[in-house]
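Asker: Please read through the structure below; I'll follow up with questions.
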Amino acid sequence: MNIHEYQARELFEKFGVATSKGHVASTPEEAEKAAAAIGGSNLVVKAQIHAGGRGKGTFTNGFQGGVKLVHTPTEARDIASKMLGHALVTKQTGPEGRVVNKVFIAEAVDISRELYIAILVDRATSAPMIIASTEGGMDIETVAEHTPEKIFHVSVDPLLGLQPFQTRKIAANLGLRGPLMTQASKLFTALYRTFIESDCSMVEINPLVVTPDGRLLALDAKFNFDDNALYRQPAIVAMRDKEEEDPREVAASEFNLNYIGLDGNIACLVNGAGLAMATMDIVQFAGGKPANFLDVGGGATKDQVCAAFKIILSDKNVEGILVNIFGGIMDCNVIANGIVEAAREVGLKLPLVVRLEGNNVEAGKKTLSESGLTIISASTLADAAQKIVAAVKAA
């Protein structure tokens, strides 16, 4: 789950991470009031979408840039009116862009230096790791490619937590001395607390800035959260913006289905993430293109299968469906009944190939064969992939 920049600022304020003043607005009038409340003659208006590259993006109404400097509340209102309700296209959104429903009005900060810091889970050690660099304000991937020596890592013992000597080491490597080291140690400690107590999988500050008057501030942030821990983070869940997500993925989450839309034309309905990956691979190998990753889990019900079919068919690019079920815990006949009911309910006209194996498979195959529907049966995964690719080409 991702959150907006203004929500990240709220978390920073909650945990004591130093940042600039700012307010969110949903209308031009609210943007004007927010600018007046912040005060000063240097403000920035930022479009709020779940994508990077906003500053260099283009709105579908022709307005250039999703990050703009303004000097008065009136200017803030005018810029907000050009952003709100319009789609912003960046290198991360695709050509359709994302509609901007909120803008963030913040104090524009003079910058002397831009730094980078992030906390994430190191998969090699299953422990938190801090990554920092003196090259803030640019993609860390670019830094890693061209100047990897400017990136350093600090591993954190999950039992001991981030220690004071480690915060001082990070500050020293970033060239922060004296009062700035003191500020840095406090900020890094607060950031680590944010990471742990919010069940984050990643927190990234880019840039972390030093101002001419000697302040250290987190200006822009990106958060990722551990989906498996969201049950104990109701405040974080409340920040979810479903309008920023693929509506198919939102619908899938309501039925506890794992769905990711792709750009192919053969939909895959599978139980188990590993089997789903293998199914997608073999469809590709057989000459097709998967339209999605869809894992219904190990104990799917008939209602979940019906929901899965409806989600699949909401994708206009889908020209055929491959169902691949291995019944371990799953009862193949439950899946078969779900397939039959779903196909009848939606009036399925697309080619449908079903491969069932495992628990109660014979009853499942009988249900499919006696349904009166045009369902192509497959005996193996390779057979299923070949049949669905052939059926789509022949359709």
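The values are calculated or read from the model by the stated rules, or taken from the named source; none is laboratory data. Everything numeric in this text was worked out from a predicted model, so none of it was measured. When we count neighbours, we look across all protein chains shown, and the Cβ atoms used for this are built from the backbone with ideal geometry, even at glycine.
Asker: Would you check if there is a residue in the stretch 295-303 being small (Gly, Ala, Ser) and within 15 Å of the chain's Cα centre (by Cα)?
Answerer: No - not one qualifying residue is present in the stretch 295-303.
Asker: What are the pairs, 6+ residues apart or on separate chains, where a residue within the stretch 202-214 that is touching a residue at least 24 places away in the same chain (Cβ under 8 Å) has its Cβ under 7 Å from a residue that is hydroxyl-bearing (Ser, Thr, Tyr)?
Answerer: That search, which allows pairs on different chains as well, returns Val203/Thr194; Asn206/Tyr116; Pro207/Tyr116; Leu208/Tyr116; Val210/Ser112; Thr211/Ser112; Pro212/Ser112.
Asker: Out of Glu96, Glu107, report the one residue that is touching a residue at least 24 places away in the same chain (Cβ under 8 Å) and among the acidic types (Asp, Glu).
Answerer: Glu107
Asker: Residues that are in contact with a Pro (Cβ under 9 Å, 6 or more places away or on another chain) and surrounded by fewer than 22 Cβ atoms within 10 Å (Cβ to Cβ): which helices (runs of 4 or more DSSP H) entirely in the stretch 1-106 hold 1 or more of them?
Answerer: 28-38, 73-83
Asker: Please name all residue pairs, on different chains or six or more residues apart, with Cβ atoms under 6 Å, provided the first residue is in the stretch 176-187 and is part of a loop (DSSP other than H, G, I, E, B) and the second residue is aliphatic (A, V, I, L, M).
Answerer: Once the first residue is part of a loop (DSSP other than H, G, I, E, B) and sits in the stretch 176-187, its partners that are aliphatic (A, V, I, L, M) give Leu176/Ala184.
Asker: Looking at the stretch 295-342, which of the residues that are of a type in the set (Asp, Glu) and more than 20 Å from Ala382 (Cα to Cα) is surrounded by the fewest Cβ atoms within 10 Å (Cβ to Cβ)?
Answerer: The selected residue is Asp303.
Asker: Return the pairs, sorted by first residue and then second, in which the second residue is of a type in the set (A, V, I, L, M, F, W, C) and buried (at least 19 other Cβ atoms within 10 Å of the Cβ), the first residue lies in the stretch 34-49 and is within 26 Å of Glu243 (Cβ to Cβ) and in the same structural domain as Phe223 (by TED's automatic domain parsing), the beta carbons are less than 6 Å apart, and the residues are 6+ apart or on different chains.
Answerer: Once the first residue is within 26 Å of Glu243 (Cβ to Cβ) and in the same structural domain as Phe223 (by TED's automatic domain parsing) and sits in the stretch 34-49, no partner that is of a type in the set (A, V, I, L, M, F, W, C) and buried (at least 19 other Cβ atoms within 10 Å of the Cβ) comes close enough.
Asker: Residue under question is Val24, and the condition is that it be out of contact with any Leu (no Cβ under 9 Å at 6 or more places or on another chain) and more than 12 Å from Arg77 (Cα to Cα); does it hold?
Answerer: It is true that Val24 is out of contact with any Leu (no Cβ under 9 Å at 6 or more places or on another chain) and more than 12 Å from Arg77 (Cα to Cα).
Asker: Does Ala87 qualify as being modelled with pLDDT of 90 or more and more than 27 Å from Gln183 (Cα to Cα)?
Answerer: yes
Asker: Shifting gears a bit: If you check Ile196 against the conditions, is it out of contact with any helix residue (DSSP H, G or I) (no Cβ under 6 Å at 6 or more places or on another chain), within 17 Å of Phe15 (Cα to Cα), not in a strand (DSSP E or B) and not polar (S, T, N, Q)?
Answerer: In short, yes.
Asker: Out of Ala267, Ala276, Ala300, report the one residue that is at pLDDT 90 or above and not in a helix (DSSP H, G or I).
Answerer: One residue alone meets the criteria, Ala267.
Table: residues versus (1) touching a Lys or Arg at 6+ places or on another chain (Cβ under 6 Å); (2) surrounded by 18 or more Cβ atoms within 10 Å (Cβ to Cβ).
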{"position": "Thr189", "(1), (2)": "no, yes"}
{"position": "Arg193", "(1), (2)": "no, no"}
{"position": "Ser198", "(1), (2)": "no, yes"}
{"position": "Glu204", "(1), (2)": "yes, yes"}
{"position": "Leu216", "(1), (2)": "no, yes"}
{"position": "Phe223", "(1), (2)": "no, yes"}
{"position": "Arg232", "(1), (2)": "no, no"}
{"position": "Ala238", "(1), (2)": "no, no"}
